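Let me begin by presenting the structure, written as structure tokens, before commenting on it.
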Amino acid sequence: MKSDIVKKGIQRAPHRSLFKSMGYTDKELSMPLIGIANSANTIIPGHIHLNKIVEAVKAGIYMGGGTPIEFGTIGVCDGIAMNHVGMKYSLASRELIADSIEVMATAHAFDALVMVPNCDKIVPGMLMAAARLNIPTIFISGGPMLTGKHPHKNEKIDLISVFEAVGAVVSQKITEEELCLIEDAACPTCGSCAGMFTANSMNCLTEAIGMALPGNGTIPAVMAARIRLAKEAGIQIVRLLEKEITPKMIMTEQAFKNALTVDMALGCSTNTVLHLTAIAKECEVPFELNLINEISKKTPHLCSLSPGGKYHLEDLNHAGGVAALISQLNNIGSINIGCITVTGKTVGENIKGVKILDLDVIRPINNAYHAEGGLAVLFGNIAPDGCVVKQSAVVEEMLTHEGPARVFDSEEEATAAIMGNKINKGDVIVIRYEGPMGGPGMREMLTPTSAICGMKLDANVALITDGRFSGGTRGAAIGHVSPEAMQGGIIAIIQEGDIISIDISNKKINLKISDEEIKERLLNWTAPEPKITHGYMARYAKMVSSASKGAVFKT
């Protein structure tokens, strides 16, 4: 066992003495040492209950014949960090999480790992670490939040309902008192926010790629089934160690294609593009943005989940979960069923006998919500390296749009203009210098997009940015524009009133000025001063790569 280097032989007597000072017995030291990366804290609703999940994991590890050893990782709540300087640190936390797990697992010679994440950047950070370390690893997430009930209507609500209600107050469609009632009702339990936002997208894709047991993506946080699944994960990690099944054996090129196929059918967050690209790099698996369009074109959108639809993760769970969706996609040959998973079985074996229990939550192939998948990558002179949109959450009349640019050099400037009723129907809002380098940190733009929707402008206004969007964003919101403004991308030289052409159906986005004019403007452009000049984010800005490469650190 790998852990023998810290516990066996005469020279390791001091090491054993340190273990014994913490209460570990000789019997425990004779068993495999299983590290548990616990991201519990009391600032993220999706993580506040993770200590209970970890206790169940420990019980499972003991039942399986291993010794659990817990350590902590950081985590940022994107909702609380939203729309202020704190959001600059969210994406950047992903790299810290991956690095810290690498440090802990290597320094202490763990034989295997159980990752316990739940929310946005913690899941991909842990997946990156799993690939980098390549020791047997299994994931058990905290599970999604239940939905709230609207105080005056017979409908479900979630966190995005609150963000959009702010815009409704500004446009005098509801009162502040109504906003307060929605605020109190929208998030009724612990767990990752209830829709197909980034956290739940990544938890579902962790299951789809084979790194978590069936049910991991959808079982609600408050259900006993989540605790039982945690115990099963603890038992199973010891089996994975015995069979020597490692993450790179699971996260193969074919497994990534499975994950992308599920991503398209679910209508996942645009952030999955950043994260899958980054994880693939750690796995040494080729991953080009064009692959997204290739898979999206042949994968129907089968689940209409919030923010684009009325259903939530609790509904997907009741309908049969990710396994049921995979079984439906397998009917058209879109799934590589031979891929091995953490169950020790193949995808095909995992979905055998699985049934769909609600044919509106998971629609059959011949009754898809959309013929193409949830995401699209657009290319053009504004984004020669690509940009991303959740096409399943765009109203039909905005799939093709042409309008004048309204240019802002920060999220705050754009938000003030939107809230101040200074945006007109037909405008294309441009928010730049918010990319990985220029932000720094590539902030999510949930506040301006939610305000647009709350003010009922989502059928008339588009927004493009070198920043990114929350998984809760809907509308013609196009992010990850690459190269970003700080790198001298074309987005940096767009001027107020320039006409921008967006054609989501044909995957195109262009600034309608001549090549000569573009060259002249670029010659006269100079990069602005960095927004942060000290600390982690200053170092991050110097080290980070383009969004098109997953915003990972340059090598």
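The values are calculated or read from the model by the stated rules, or taken from the named source; none is laboratory data. In this text the structure is predicted, and so the values were computed from the model without any measurement. Backbone-built Cβ (ideal geometry, glycine too); neighbour counts: all protein chains shown. Remember, those area values only see protein heavy atoms, side chains included, never the ligands or the DNA or RNA. Shrake-Rupley method; radii C 1.70, N 1.55, O 1.52, S 1.80 Å.
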Restricting attention to the range 324-347, which residues are open to solvent by 20 Å² or more (accessible area, probe 1.4 Å) and under 13 Å from ALA255 (Cβ atoms)?
ASN336, ILE337, GLY338, ILE340, THR346
Note on the range 130-163: residues over 15 Å from LYS310 (Cα atoms) and not in a loop (DSSP other than H, G, I, E, B) are ALA130, ALA131, ARG132, LEU133, THR137, ILE138, PHE139, PRO144, VAL162, PHE163
Can you pull out the residues in the range 381-428 that are assigned to a loop (DSSP other than H, G, I, E, B), β-branched (Val, Ile, Thr) and surrounded by fewer than 16 Cβ atoms within 10 Å (Cβ to Cβ)?
VAL395
Just to verify a result, which residue in the range 53-63, among those that are open to solvent by 10 Å² or more (accessible area, probe 1.4 Å), in contact (Cβ under 8 Å) with a residue 24 or more places away in the chain and not hydroxyl-bearing (Ser, Thr, Tyr), is farthest from ALA199 (Cα to Cα)?
MET63
Output the number of residues of the range 131-143 satisfying the condition of being within 18 Å of GLY195 (Cα to Cα) and in contact with an Asp or Glu (Cβ under 7 Å, 6 or more places away or on another chain).
0
Residues to consider are GLY23, GLY35, GLY46; find the one that is closer than 22 Å to ASP78 by Cα, among the small types (Gly, Ala, Ser) and not in a helix (DSSP H, G or I).
GLY46
Scan the helices (runs of 4 or more DSSP H) fully inside the range 222-304 and keep the ones with 1 or more residues being more than 16 Å from the chain's Cα centre (by Cα) and under 22 Å from ALA368 (Cα atoms).
253-266, 290-298
Quickly run through the range 163-204 and pick out the residues that are in contact with a Ser or Thr (Cβ under 6 Å, 6 or more places away or on another chain) and open to solvent by 30 Å² or more (accessible area, probe 1.4 Å).
PHE163, GLU164
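Residue-wise test of (1) open to solvent by 100 Å² or more (accessible area, probe 1.4 Å); (2) over 25 Å from VAL377 (Cα atoms).
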| position | (1), (2) |
| --- | --- |
| ILE499 | no, no |
| LYS508 | yes, no |
| LEU511 | no, no |
| ALA527 | no, yes |
| ALA541 | no, no |
For VAL103, which of the numbered conditions (1) of a type in the set (Val, Ile, Thr); (2) part of a helix (DSSP H, G or I); (3) in contact with a Phe, Trp or Tyr (Cβ under 7 Å, 6 or more places away or on another chain) fails to hold?
(3)
Give me a count of the residues in the range 170-191 that are under 12 Å from LYS456 (Cα atoms) and touching a residue at least 60 places away in the same chain (Cβ under 8 Å).
3
Could you tell me whether the range 321-337 includes any residue that is over 20 Å from the mean Cα position of the chain (by Cα) and under 30 Å from CYS190 (Cα atoms)?
yes
Within the group THR447, THR473, THR555, which residue is more than 14 Å from ASN381 (Cα to Cα), open to solvent by 40 Å² or more (accessible area, probe 1.4 Å) and either at pLDDT below 95 or in a strand (DSSP E or B) (or both)?
THR555
If you scan the range 390-411, which residues turn out to be small (Gly, Ala, Ser) and either in contact with a strand residue (DSSP E or B) (Cβ under 6 Å, 6 or more places away or on another chain) or over 18 Å from HIS301 (Cβ atoms) (or both)?
SER392, GLY403, ALA405, SER410
